[in-house]
Structure formats: C-alpha cells, structure tokens
Amino acid sequence: MKILVVNAGSSSLKYQLFDMDTNEVLAKGLCERIGIDGSVTHKRPDKPDYKANVDFPDHRAAIECVLALLTDKEKGVIASVEEISAVGHRFAHGGEKLRASAVLGADEIKYLESIVGLNPLHGPPAISGFKACKEVMPNVNHVGVFDTSYYSDMEDYAYIYPIPYELYEKHKIRRYGFHGTSHRYVAGKAAELLGNKNAKIITCHLGNGSSITATVNGKAVDTSMGFTPQDGVPMGTRSGAIDPTVVTYIQKAEGLTAEEADKVLNKEAGLYGVSGISSDCRDIREAAANGNYRAKLAMKILCHNIKKIVGSYVAEMNGVDAVVFTAGIGENDRDLRQEVCKEMSFLGIEIDEAYNQNCPRGEIADLSAKGAKVKTFVIPTNEEYMIALDTQNLTK
Ligand code: AMP
C-alpha cells in the first residue's frame with residue numbers, strides 16, 4: 001500500500017510517498033514559493049536530488065507537479081497515480097471536535113474552516129492544500145492528522161486556564177497542545193523500548209519550535225504548549241511561558257499595538273531575543289564557545305526551563321519511566337542533554353555522559369547510566385510516518 005503524506009504551508013508543500021509494506025520512503029520533496037514564483041526539490045534515495053524552478057500560482061499547481069514527478073519515467077517511483085491508495089494531510093489544529101485522525105469529508109472540512117481563527121497561520125493553507133489534493137485525486141480517501149488530537153484526553157484541570165470560564169465557553173480559549181504527532185510517535189517508541197504500554201514518559205521535542213509532553217498509558221496528560229504554540233519552553237524566536245502581564249506592559253512601555261507585541265514575543269524573542277545573534281542553536285553554541293555572554297545565557301535559560309518542566313511532570317505523574325529527547329536540538333545537541341539531565345539523580349534520571357557525547361546521530365540511543373531508575377533515550381522523530389500509519393489504519 002502506497003500512501004502520500006502532504007504538509008501544506010502558506011507558500012510551501014512538503015510531501016513523502018511511503019510504501020507501507022516495506023516501511024520505505026520512496027520519494028519526498030518540497031514545493032516552495034507557492035503564489036510567488038515557485039521551485040521544487042524532489043528526492044529519491046537512489047538518485048541525486050532534482051531541483052527546478054516551476055511556476056506555482058497555487059497549491060493545485062504544486063500538487064500537480066508533485067504527481068507528475070512521482071510518475072515521471074526517470075524521476076518517478078510509481079507508474080501511475082492510481083498506485084497511491086490514500087493521502088494523509090497534516091493539520092496543526094483539530095480544535096475540540098477532531099479528537100483523532102479522521103477521513104476528511106464535508107463535515108470535517110466545514111468544522112476546520114470554522115476554527116481557522118484559532119489557527120490563522122497554518123489552518124487556511126492546510127485546508128487549501130487538502131482541497132487541491134482532493135481535486136487532483138478525487139477517488140482516494142484523504143485523512144487528516146491533527147497535532148492537537150493527542151491531547152484530547154487531557155483532564156479539564158490540565159487544559160482549562162484559570163481565567164473567566166466564559167472566555168473558554170465564548171472563544172474556546174484553553175490549552176490545546178501542539179507537536180502531538182511527534183510526541184505520540186516517540187512516546188510510542190519509548191514504550192516499545194521499555195516493553196511497557198502503561199509507562200510514564202516525558203518527551204522533549206526540542207527544535208525550532210519546542211514542546212514537552214507527559215504521557216501515561218499511551219495518552220498525553222499534560223503538555224507545555226497551550227492555546228497557541230507560544231507557551232512552554234523558550235524557542236528559536238518565541239519566548240515560551242512568561243508572566244502574561246509582560247505583554248500589556250511592553251505594549252504600554254513601547255507604544256505597541258497588540259499585533260506588534262505579538263510579533264515581539266513570536267518573532268523577536270526566545271533564543272534569538274536573548275542572544276541577539278540567531279534563532280539557530282548551532283550559531284548560539286558557536287558564539288557561546290567564543291565567550292559571548294548573551295549566547296551562554298540563552299542556552300542556560302533554555303536548559304533551566306526544560307528541567308523545570310520535566311521536574312513538574314514527574315510530580316504530576318508521580319514518577320517517570322523514561323525521558324526522551326527528539327527533534328533538531330534534542331537529537332543533536334549533546335551538551336544540552338547533559339545540562340538538562342545533570343543533577344536529576346534525585347528523580348532517578350542519570351545519563352552516561354561519555355556515551356551521550358559519542359552516541360551515533362540519527363538513531364535511537366539509550367543514554368541511561370548503569371543502574372539509573374529512569375531510562376533516557378534519544379529517539380529521532382518521524383511525524384510523516386505517523387501520518388502515513390494513521391492514514392493506512394483508517395483506509396485499508
Ligand atoms: P527542527 O525544528 O527540529 O528542524 O530543529 C531545528 C533546530 O535544531 C535549530 O535550532 C538547529 O540549530 C538545531 N540543530 C540542528 N542540528 C544541531 C546540532 N548539530 N547541534 C545543535 N543544534 C542543532
């Protein structure tokens with residue numbers, strides 16, 4: 001069974017074609033600058049990457065190009081579009097109603113359109129991407145996989161904010177959580193490694209956007225991102241959790257509109273805001289190694305906040321069986337993992353520091369020190385595979 005996974009952004013469309021019988025990615029790529037001019041990068045494991053400028057007036061033009069490449073005699077991997085059994089679409093937000101991955105019909109799309117206000121950046125392009133794919137491939141099932149749905153079983157006290165309850169009722173202001181597909185994937189892998197479906201697991205997805213999730217019995221019980229992906233740990237350019245009054249205070253002190261204050265906290269804060277150097281962890285590490293105070297401070301703030309959330313989730317779950325690091329920073333920044341796990345032995349978290357510094361990249365690694373009560377793993381995330389798997393399960 002071959003499944004196409006599509007992730008449509010406002011000016012981009014990422015794709016991966018999976019062979020679910022062999023668990024292989026047959027081809028993947030990225031259409032960029034949709035609505036501007038357009039370019040495509042198409043990758044096959046056995047051939048050099050193909051790159052070209054192609055005019056993409058809209059998402060439909062992009063998906064037509066993808067299908068032409070996938071079925072091309074030289075660059076392609078399938079003989080015809082009919083070989084694609086189903087399409088999985090990534091949606092950042094499924095609101096309160098789309099509590100699990102679902103085959104997308106008229107009702108689901110109507111609901112997704114009704115909640116774009118909750119998700120103004122990612123919602124509209126994801127819906128356009130879906131509609132374009134549905135037009136071009138009308139005869140197969142299209143499945144929506146929602147980043148928020150992993151959090152659908154959280155208790156009300158974990159998702160209702162202590163603000164007037166009417167604001168929740170009127171505007172649906174609550175904790176939704178994001179990156180759920182990644183947390184679900186790595187928590188599932190960790191449970192497999194532990195041989196315990198009921199395990200208590202803390203997953204740290206640390207990338208350009210970062211979130212931490214607590215999972216018990218395969219269900220998320222709490223997560224650091226909230227109403228939007230702004231909450232929780234500091235990120236590339238997002239502040240993460242701060243005293244909410246800072247927002248109105250900087251508006252008044254700097255004479256900013258709500259939109260401008262939002263931009264400061266979303267685009268000019270986090271690692272970039274503190275370091276003044278870059279939102280990219282590698283650049284900050286380099287500056288820190290050269291003695292830059294603000295670069296060192298940015299990394300210390302990040303580690304401090306990760307540790308604080310991990311500790312709070314241990315308390316919330318009354319223990320932890322495994323801590324998992326994933327995504328760009330979690331999978332690659334060895335010093336960050338060492339810093340976060342340092343002085344956590346009281347909680348049973350202890351890593352083999354030498355192995356942490358030397359374990360192979362891009363693979364699952366067990367960093368736990370000999371005899372540590374809690375396992376610490378690095379598990380490369382694979383959201384696309386999770387989307388393909390849900391799509392297969394809902395359509396086979
Ligand atoms: P992601 O959003 O998952 O692609 O992660 C992007 C983040 O991972 C950026 O901040 C990168 O700097 C960081 N990253 C990637 N490779 C490394 C590395 N070798 N060391 C430290 N950070 C890295």
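The values are calculated or read from the model by the stated rules, or taken from the named source; none is laboratory data. In this text, all values refer to a predicted model and were calculated from it rather than measured experimentally. Cβ coordinates were reconstructed from backbone atoms using ideal geometry, including for glycine residues, and neighbour counts include every protein chain displayed.
Some notes on this structure:
- Of all the residues in segment 60-110, those that are among the charged types (D, E, K, R), more than 26 Å from residue 182 (Cβ to Cβ) and within 26 Å of the chain's Cα centre (by Cα) number 3.
- Residue 298 vs. criteria touching a Leu at 6+ places or on another chain (Cβ under 6 Å), buried (at least 21 other Cβ atoms within 10 Å of the Cβ) and over 18 Å from residue 214 (Cβ atoms): yes
- Test: residue in segment 344-358 that is within 16 Å of the ligand (Cβ to nearest atom), modelled with pLDDT of 95 or more and touching a Phe, Trp or Tyr at 6+ places or on another chain (Cβ under 7 Å): no
- Residues that are modelled with pLDDT of 95 or more and either near the ligand (Cβ under 10 Å from one of its atoms) or more than 30 Å from residue 197 (Cα to Cα) (or both) occur in segment 310-326; there is at least one.
- Enumeration of residues in segment 1-50 that are among the aliphatic types (A, V, I, L, M) and outside any strand (DSSP E or B): 1, 20, 34, 36
- Identity of the residue in segment 52-87, within 15 Å of residue 13 (Cβ to Cβ) and not hydrophobic (A, V, I, L, M, F, W, C), that ends up surrounded by the most Cβ atoms within 10 Å (Cβ to Cβ): 59
- Residue satisfying all of: in segment 195-216; within 18 Å of residue 231 (Cα to Cα) and aliphatic (A, V, I, L, M); nearest to the ligand (Cβ to nearest atom) among these: 206
- Subset tally (residues that are buried (at least 16 other Cβ atoms within 10 Å of the Cβ) and either within 13 Å of residue 147 (Cβ to Cβ) or of a type outside the set (Ser, Thr, Tyr) (or both)) for segment 117-129: 8
- Among the residues listed as 202, 163, 173, the single one being in contact with a helix residue (DSSP H, G or I) (Cβ under 8 Å, 6 or more places away or on another chain), over 17 Å from residue 366 (Cα atoms) and among the hydrophobic types (A, V, I, L, M, F, W, C): 173
- Of note, residue 393 satisfies the criterion of being within 28 Å of residue 28 (Cβ to Cβ), modelled with pLDDT of 95 or more and away from the ligand (no atom under 13 Å from the Cβ).
- Qualifying residue in segment 284-303 (condition: closer than 13 Å to residue 235 by Cβ, part of a loop (DSSP other than H, G, I, E, B) and within 14 Å of the ligand (Cβ to nearest atom)): no
- Any hit, segment 376-390, residues being in contact (Cβ under 8 Å) with a residue 40 or more places away in the chain, among the polar types (S, T, N, Q) and out of contact with any Cys (no Cβ under 7 Å at 6 or more places or on another chain): yes
- Here the condition is being surrounded by 16 or more Cβ atoms within 10 Å (Cβ to Cβ), among the basic types (Lys, Arg) and either out of contact with any Leu (no Cβ under 6 Å at 6 or more places or on another chain) or free of Cβ contacts under 8 Å to residues at least 40 places away in the same chain (or both); of 90, 99, it holds for 90 alone.
- Number of the exception - residue 99 against (1) in a loop (DSSP other than H, G, I, E, B); (2) among the basic types (Lys, Arg); (3) within 21 Å of residue 136 (Cα to Cα): (3)
- Selection count where residues are within 19 Å of residue 119 (Cβ to Cβ) and surrounded by fewer than 17 Cβ atoms within 10 Å (Cβ to Cβ), scope segment 133-168: 3
- Restricting 113, 32, 108 to those that are of a type in the set (Asp, Glu) and exposed (fewer than 15 other Cβ atoms within 10 Å of the Cβ) reduces the list to 113.
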